Amino acid sequence: MRLKPEAIGLGMTSQRVRDRLIERLRGNGISDERVLNAIRTVPRHLFVDEALATRAYEDTALPIGHGQTISQPWVVAKMTQTLLDGAQPKTVLEIGTGSGYQGAILAALGLEVYTVERIGELLRTARKRFRTLGMNVRSKHDDGRIGWPEHAPYDAIIVTAAAPVLVDALKDQLAPGGTLVAPVGGSSSQTLLRLRKDADGVIEETELAPVVFVPLLSGMID
Ligand code: SAH
């Protein structure tokens, strides 16, 4: 006998619940249908602990262990929409794999994803999720402040942890015509920044929104 999802407590992860999140994002300025579709498709409840699955389609950040969080869906949507705005990136570098959710959204959009995480255990869990979903995401256990020079330059770069200043290594690994989004600021107040590099390598910077991210830390841990 097959149990209905509602019967085993998966009602809170149903399509109806996900659609409600999409409408909320739309109401908050997310208009790129490709992004909304990716968020509708990628099962966010598989990127958090089972005990939190019922909250996975709320527009809120959730703990993923090691003092880290899976970003709020609106932030994921806003950053992703920014990378796609007026551009057709093929490759993207993400710093801060975390749960793997942001990387999975980018992979669902057809991008070739490179992601770097400093906490080994988070990375191993994220890799299992990519495998389960059949997603081909390239990942590395390293301090992402050095980027991932071997595959540079990238058409897009997304940094999902905050630092007071954006390191030059990441700016250098952005391709001409590319876009980088990153939260910049201290622990209490940060701004989401967009950097665009033109064909001559000149960088233009725009402030997008106030945000709250966990800090970008140095070194690696297992
Ligand atoms: N994009 C993630 C958000 C995770 S929170 C998601 O979708 O779930 C930010 C992540 O950045 C944490 O996992 C943290 O360990 C990682 N991080 C912090 N400093 C880092 C660094 N220097 N290099 C790589 N990852 C880093």
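What follows is calculated from the coordinates using simple rules that are stated; it is not laboratory data. What you see is a predicted model, and the numbers here were worked out from it, not measured in a lab. FYI the Cβ positions are ideal-geometry reconstructions off the backbone, even for glycines, and counts take in every protein chain you see.
A few notes on this one:
- Matching residues, segment 85-123, being basic (Lys, Arg) and in contact with a helix residue (DSSP H, G or I) (Cβ under 8 Å, 6 or more places away or on another chain): Arg118
- Residues (more than 10 Å from the ligand (Cβ to nearest atom), hydroxyl-bearing (Ser, Thr, Tyr) and more than 15 Å from Tyr154 (Cα to Cα)) located in segment 91-139: Thr125, Thr132
- Within segment 66-102, the residues that satisfy the criterion of being over 16 Å from Phe213 (Cβ atoms) and part of a strand (DSSP E or B) are Thr91, Val92, Leu93.
- Long-range neighbours under 7 Å by Cβ, at least six apart or interchain, first residue within 20 Å of Gly98 (Cα to Cα) within segment 29-47, second not in a helix (DSSP H, G or I): Ala38/Leu109; Arg44/Ala56; Arg44/Tyr57; His45/Ala56; Phe47/Ile70; Phe47/Ser99; Phe47/Gly100
- Gln88 meets the conditions (1) near the ligand (Cβ under 7 Å from one of its atoms); (2) surrounded by fewer than 24 Cβ atoms within 10 Å (Cβ to Cβ) in every case but one. The failed one is (1).
- Residues (aliphatic (A, V, I, L, M) and either surrounded by fewer than 11 Cβ atoms within 10 Å (Cβ to Cβ) or within 16 Å of the ligand (Cβ to nearest atom) (or both)) located in segment 194-222: Ala199, Val202, Val211, Val212, Val214, Leu216, Leu217, Met220, Ile221
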